[in-house]
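J.: Just dropping this structure here.
The values are calculated or read from the model by the stated rules, or taken from the named source; none is laboratory data. This is a predicted model, so every value here is computed, not measured. Reconstructed Cβ throughout: ideal geometry from the backbone, glycine too, with neighbour counts over all protein chains shown.
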Amino acid sequence: MSRARDFADLAGSADAGGLGGSNMVINGSMNISQRGTSSTGLHDSGYYTVDRFALIFGNEDELRVTMSQNSVTDLPGFANSLKVQTTTAESAIAADESYYIINRYEGQDFQHLKYGTSNALSTTLSFYVKSSVTGTFAVAIYQTDGNDIIGSTYTINTADTWEKKEITFAGNTLAAIVDDNTSAIMIDWFLAAGSNFTSVNNTSWGGYETGKLAYGHGTNAVATTTNATWEITGVQWELGEQATPFEHRSYGDELRRCQRYYYQTNDSENSVHLQRSYNNLNYYYGQLDYPVTMRSQPTLTFQNASASVLLPSIHTTSCSWGALSRTNHSVIIEAQPGSDAGAYTYTAICTSNSVRLDAEL
């Protein structure tokens, strides 16, 4: 059975060699949160606050949570964490229910792992975790190409205290990672898992089975306890069998990496230069360039768009977005030209509460 059949939900990419440094995780310090710093009443899977980390719900009835970028004051070296807090508890976790954090990766950035060969490399996942709940939690790595999975567990020993966890995984000799920009690797941190997902040993690489997804997960109290919290920061995934100190990147560097997958502007005005079309004098065309090339052609949403052309004899009627690419999208203003007929360049302002471009995995 394919994992996609069990979960049709929502990765990030980094190459320890190609992008520099040892950490293959994007935004492991949780410093980038383009969508906002808090989202409440969550019950549907999706990306909400901290970039590159999505929240996945599987069949819960009552569970509602708040997800936030939380300010950290009690872990030297880190300023932010990803935090979830249960606002409405699930009365009990049924066999088919699950709840976890997921991080996704592009295949083309992980060719250096040599998966699918006898030389497949071991990796180590490390992170700082803090929870109001103690107990054993599952974490798993799923490889889309080959439909393979491996997992492990970690234990939170003391409530409300930062603890560093280090887990080493063998390299996958069973299947190669496809060299493209689609989702190839997923890391899952489980907060709740029903018995359907915990019954089959996953401590070595093997074909995916539903029962392997959260093998060894021991406590669901984060989901079944009102006001329970769980937070994570300092996530690092690197080559080798030893964890090294967390690789801190500049804010600008981390932001650019995140913008490959999602770009949002909250500027009240987005100004682009538009050229009147020669074959239709009622339209002006321009383009809005993205700060980085996006992973794929994004989907675009915008709010309350309006337009104006900075020339008295031009009367605008609408502003809309045209063709999308991985690097830019066109902006179209429909206008009634005055006595200045001809092809000229004007400054047109499209005003929108936000422009959101999504190329997430």
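J.: Go through the residues of the range 135-149 one by one and say whether even a single one is small (Gly, Ala, Ser), in contact with a Leu (Cβ under 7 Å, 6 or more places away or on another chain) and crowded, with 22+ Cβ neighbours inside 10 Å.
T.: The answer is yes; a qualifying residue exists.
J.: For the range 81-156, which fully contained strands (runs of 3 or more DSSP E) count at least 1 residues that are touching a helix residue (DSSP H, G or I) at 6+ places or on another chain (Cβ under 7 Å) and not assigned by TED's automatic domain parsing to the domain that holds THR173?
T.: Qualifying strands (runs of 3 or more DSSP E): none found.
J.: Would you tally the residues in the range 157-171 being buried (at least 17 other Cβ atoms within 10 Å of the Cβ) and in a loop (DSSP other than H, G, I, E, B)?
T.: Selection size over the range 157-171: 2.
J.: Only residues in the range 33-48 that are assigned by TED's automatic domain parsing to the domain that holds GLU97 and among the acidic types (Asp, Glu) count as the first member; pair them with residues that are surrounded by 15 or more Cβ atoms within 10 Å (Cβ to Cβ) and at pLDDT 95 or above, Cβ under 7 angstrom, at least 6 apart or cross-chain, and list the lot.
T.: Hits for this filter: ASP44/PHE57.
J.: Kindly evaluate VAL200 against the criterion of being surrounded by fewer than 18 Cβ atoms within 10 Å (Cβ to Cβ), farther than 19 Å from ARG104 by Cα and of a type in the set (A, V, I, L, M).
T.: Answer is yes for this residue.
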